[in-house]
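Here the structure is laid out as structure tokens; the discussion comes afterwards.
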Amino acid sequence: MTNLASRHKDEIWRRVAIVTPYLWLLVFFLAPFAIILKISLADPVIAQPPFTPTFDKQGGLSVSVDNFRFLLTDKLYAITYLRSVLMAGATTVFCLSLGFAMAYGIARSKPSTRNLLLLLIVLPFWISFLLRVYAWMGLMNTYGVINNVLMWLGAIDKPVRLMYTDFAVFVGMVYSYLPFMILPLYASLERMDMNLIEAAQDLGASRARAFWDITWPLARPGVIAGCLLVFIPAMGEYVIPYLLGGPESLLIGRVLFDEFLVNRDWPLASAVAIVLLLLLVVPIALLQRYRVRDQETAA
Amino acid sequence: MKNFIHLKGVGKNFGDFVAVDDVDLTVAQGELFCILGGSGCGKTTLLRMLAGFEIPTTGTIEIDGVDITQQPPYDRPVNMMFQSFALFPHMSVARNIAYGLRKEGVTKPEISKRVDAMLELVQLADFGKRKPEQLSGGQRQRVALARALIKRPKVLLLDEPLAALDKKLRERTQFELINIQYELGITFIVVTHDQEEAMTLATRIAVMDKGRFQQVGTPKEVYEFPSNKFVANFIGTINTFDGIVTKVLDDQIEVYSDEAGTSLRALGKQLVEVSQKIEIAVRPEKIFISKEKPKDSDDVCIQGTVDDLGYLGNRSLYRIRLESGKIVQVSSQNRRRSITRFLEWEDNVWISWRASSAVILLD
């Protein structure tokens with residue numbers, strides 16, 4: 001009897017465990033998405049809220065895709081999206097190559113030093129993100145640390161312009177997102193049996209060959225997770241381009257901010273957000289399919 | 001005997017730690033050679049130097065007349081079977097086995113032919129498409145063996161090949177290994193901590209301790225004629241008696257032992273002198289046990305009482321307490337089928353052994 005009761009209880013908890021993430025997605029993703037979608041199909045008005053209602057007074061549906069049409073025809077937006085993809089892509093690739101080497105080094109170090117190194121990777125999170133980006137301003141200013149040191153060394157005669165360039169944004173992004181790449185990579189590399197690489201070498205593979213045959217495929221889940229964790233937030237990044245980027249380095253996060261809060265064109269801003277989401281869904285879906293295929297061949 | 005593998009003064013230091021110390025060894029082609037020792041004795045380091053994962057600090061390694069001391073692992077005519085098996089988890093069994101041939105650039109039809117033959121040899125013909133995680137421990141072991149054999153290496157290195165298997169499977173696999181080795185004629189070098197495994201597998205055994213070879217010989221030599229105390233104690237169980245040499249004759253010596261309470265005789269050509277302190281050692285199964293004093297006066301006879309006994313099915317173990325308090329282990333075959341015990345606790349017994357059964361240990 002008690003056994004039956006406890007099993008019943010287990011069953012309830014099991015359902016709670018399954019339903020909770022779906023509920024979470026519904027409340028914090030699907031519902032906001034529906035609201036944004038609804039706003040994106042309205043027209044801006046100077047009122048409270050600043051957009052036309054979805055249903056007019058007669059109860060008829062009043063929607064338009066004008067905002068999307070505008071986004072697709074105005075070249076400025078297309079360029080901004082492209083610039084964002086390139087910036088996020090470059091950040092991801094650079095984080096991956098740098099992060100892989102670092103994660104590999106940490107995973108292969110002695111267990112005692114390993115924990116210390118991991119702590120050093122996580123340590124910057126103890127300081128506010130905003131402060132750390134400000135610190136980069138101090139480093140890259142015209143008379144900031146980097147320029148001063150370079151001039152003192154005699155490498156340059158007058159300060160190089162670092163701040164308010166795409167380069168500054170890139171540096172800021174790589175700096176901020178690198179830990180998100182290292183941690184999942186470390187997790188998948190740390191589990192790997194070093195004997196596998198020795199076995200590959202023993203069977204005739206050079207060091208490089210063994211890396212591509214063994215290490216890389218086994219690290220792939222970490223690579224995919226790391227790339228998603230870097231690419232997705234980098235696409236919508238607002239703070240770093242705003243603080244480190246120049247007026248000409250337009251990225252979609254900034255456009256989104258400006259449309260919402262400066263122009264108060266909520267419908268257009270919502271459309272921008274929806275298109276951004278679609279741009280993100282494509283690589284995620286591709287990688288997800290890759291991962292599923294990986295698991296299928298493994299099974 | 002052709003020197004197929006030749007190690008000359010091979011040593012390896014890790015910082016201050018001497019893992020392998022000045023090892024000389026020759027192994028003939030087609031031998032199944034075992035390196036036996038406890039953990040940390042340097043046996044794995046020695047194997048890794050043969051595989052090319054460690055470069056010796058001193059000395060040279062030759063295989064088939066070629067100095068391979070500095071060669072990287074992928075250039076050596078040597079393959080290794082890892083203790084963990086180290087199967088590539090993302091590849092099927094067939095791809096695991098084919099890996100070595102693919103790196104060699106063998107043509108595809110040739111690869112598939114040889115992989116099939118190899119799967120047949122290790123009795124896994126229907127398992128080619130499976131992933132390693134879908135196999136049992138014994139099957140994984142066979143895949144690892146097939147993968148290491150497919151390039152037809154001159155030497156196959158096996159690191160604790162049977163350690164991951166359970167007892168029954170281990171016994172069966174031992175004989176499979178010997179058969180495969182015999183069939184292919186490849187020289188095997190096996191590293192193990194399990195003396196029974198070494199005894200059944202090997203044509204010759206090297207007993208290793210503290211980075212050095214303590215004795216190299218056939219299983220019989222190592223067991224029956226241990227060259228020092230370490231080897232005698234490491235392989236099997238042995239009873240030892242401290243004593244002082246009282247007589248040195250042509251072919252045998254007499255030793256008085258307080259522990260035994262009598263004089264012991266042993267055959268030996270070792271250079272011992274009168275009044276030298278030595279040890280006499282006897283294996284438990286070389287000792288006879290009886291209730292009455294044996295008539296054959298030529299044997300060494302000592303009286304004692306049964307301190308403890310254990311029934312193991314095929315044989316019984318006795319611990320006999322001598323007058324001096326010394327405990328002697330005796331093992332005897334249970335030849336007769338009986339429900340009653342031949343001996344009980346505290347029975348007075350005689351233990352005896354032939355002088356030829358005793359081993360003289362010097363250090």
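Enter the Cα centre distance for the pair segment B:305-356 and segment A:182-198, rounded to the nearest angstrom.
If you average the Cα positions of each part, the centres end up 55 Å apart.
Please work out, to two decimal places, the log10 of the ratio I(q)/I(0) at q = 0.13 Å⁻¹ from a Debye calculation in which every Cα of segment B:248-363 carries one identical scatterer.
Those come out to -0.53, one per q.
Taking chain B as a Gaussian network, Cα atoms linked when under 10 Å apart, which of B:R76, B:R172, B:R337 shows the biggest mean-square fluctuation?
The residue with the greatest mean-square fluctuation here is B:R337.
Quick one: if you take sqrt(5λ) for each eigenvalue of the C-alpha gyration tensor of the protein assembly as shown, what semi-axes come out, biggest first, whole angstrom?
That gives 74, 31, 26 Å for the three semi-axes.
With the Cα gyration tensor of segment A:26-166 in hand, convert its eigenvalues to equivalent ellipsoid semi-axes via √(5λ) and list them largest first in whole Å.
Semi-axes, largest first: 46, 25, 16 Å.
What value, in deg cm²/dmol to 500, does the helix sum -39500 (n - 2.57) over DSSP H runs of n ≥ 4 give at 222 nm once divided by the residues of the protein assembly as shown?
On the way: 22 runs with 296 residues, N = 662.
About -14500 deg cm²/dmol.
Got a number for the accessible area of B:F234? Probe 1.4 Å, square angstrom, nearest 10.
B:F234 exposes around 50 Å² with every protein chain in place.
Can you pull out the chymotrypsin sites (Phe, Trp or Tyr not before Pro) in segment A:140-178 whose DSSP state is coil and whose Cβ has at most 15 other Cβ atoms within 10 Å?
Sparse-neighbourhood loop chymotrypsin sites (Phe, Trp or Tyr not before Pro): A:Y143.
Angle between the Cα long axis of helix B:93-104 and the longest principal axis of chain B, 0 to 90 degrees, nearest 10?
In chain B, helix B:93-104 runs at an angle near 70 degrees to the longest axis.
Using a 1.4 angstrom probe with every protein chain in place, what is the largest-first accessible-area order of B:E54, B:E285? Intermediate results must be reported in sequence, preceding the final value.
Numbers: B:E54 40, B:E285 80 Å².
Listed by decreasing accessible area, they come as B:E285, B:E54.
Give me the accessible area of B:E292, 1.4 Å probe, in Å² rounded to the nearest 10.
For B:E292, the solvent-accessible surface is approximately 140 Å².
Mean Kyte-Doolittle of at least 1.0 and a Cα length of 24 Å or more along the axis: which whole DSSP H helices of chain A meet both?
Answer set is A:75-107, A:166-190, A:216-235, A:266-298.
Report the Cα centroid-to-centroid distance between segment B:39-94 and segment B:161-198 in angstrom, as an integer.
First find each Cα centre; the distance between them is then 18 Å.
Helix B:108-121: angle to the longest alpha-carbon principal axis of chain B, degrees 0 to 90, nearest 10?
20
Per residue, how much accessible area does segment A:1-143 show when a 1.4 Å probe rolls over the protein heavy atoms, in square angstrom?
Numbers: 10220 Å² over 143 residues.
Dividing the accessible area of segment A:1-143 by its residue count gives 71 Å².
Could you name the aspartates and glutamates whose alpha carbon sits less than 16 Å from that of B:K286, not counting residues in the same chain fewer than 8 places away?
Partners within reach: B:E221, B:E224, B:D296, B:D298, B:D299.
Return the value, in Å² to the nearest 100, of accessible area buried between chains B and A (probe 1.4 Å, both sides summed).
Working: alone 18760 and 18500 Å², together 35380 Å².
Chain pair B/A: roughly 1900 Å² of buried accessible area.
Out of the total accessible area of segment B:281-331 (probe 1.4 Å, heavy atoms of protein only), what percent is carbon and sulfur?
Using a 1.4 Å probe with all protein chains present, segment B:281-331 comes out at 45 percent carbon and sulfur.
Which of the peptides A:195-202, A:15-22, B:28-35 is most tightly packed, and how do the rest follow, judged by the mean count of other Cβ atoms within 10 Å per residue?
A:195-202, B:28-35, A:15-22
Compute the Cα gyration tensor for chain A, then decide on rounded, prolate or oblate, letting a ≥ b ≥ c be the square roots of its eigenvalues: rounded whenever a/c is under 1.5, prolate when a/b is larger than b/c in the other cases, and oblate in all that remain.
oblate
Projecting each Cα onto the charge dipole of the protein assembly as shown (Lys/Arg +1, Asp/Glu -1 at the beta carbon, about the Cα centre), which of A:L96, A:L86, A:V262 comes out farthest on the positive side?
The listed residue farthest towards the positive side: A:V262.
Quote the charge dipole size of segment A:24-176 about the Cα centre in Debye, to the nearest 20; the model charges only the Cβ of Lys and Arg (+1) and of Asp and Glu (-1).
Computed about the Cα centre, the dipole is about 520 debye.
In whole angstrom, and with the biggest value first, how far do the Cα coordinates of chain B range along each principal axis?
Extents along the principal axes, in whole Å: 75, 51, 36.
Protein chains only, probe 1.4 Å: how do A:L229, B:L46, A:L118 rank by accessible area, largest first? Before the final figure, lay out each step's value.
On the way: A:L229 85, B:L46 0, A:L118 30 Å².
Largest accessible area first, the residues go A:L229, A:L118, B:L46.
For chain B, report the accessible area per residue in Å² (1.4 Å probe, heavy atoms, rounded to an integer). Display every interim value, and only then the final one.
Numbers: 17850 Å² over 363 residues.
Accessible area per residue, chain B: 49 Å².
Pop a pseudo-label 7 angstrom from the Cα along the beta-carbon direction at both B:R336 and A:R291 and give the gap in nm to one decimal.
Here the modelled spin labels are 7.4 nm apart.
When you look at the Cβ of every residue in B:79-85, what mean number of other chain Cβ atoms sits within 10 Å?
4
What order do B:H193, B:H90 take when sorted by accessible area (1.4 Å probe), most exposed first?
Output order, biggest surface exposure first: B:H193, B:H90.
The values are calculated or read from the model by the stated rules, or taken from the named source; none is laboratory data. Quantities reported herein were computed from a predicted structural model and do not represent experimental measurements. As a convention, Cβ positions derive from the backbone with ideal geometry for all residues, glycine included, and neighbour counts pool all protein chains shown. SASA here: full protein model, heavy atoms, side chains in, ligands and nucleic acids out. Shrake-Rupley method; radii C 1.70, N 1.55, O 1.52, S 1.80 Å.
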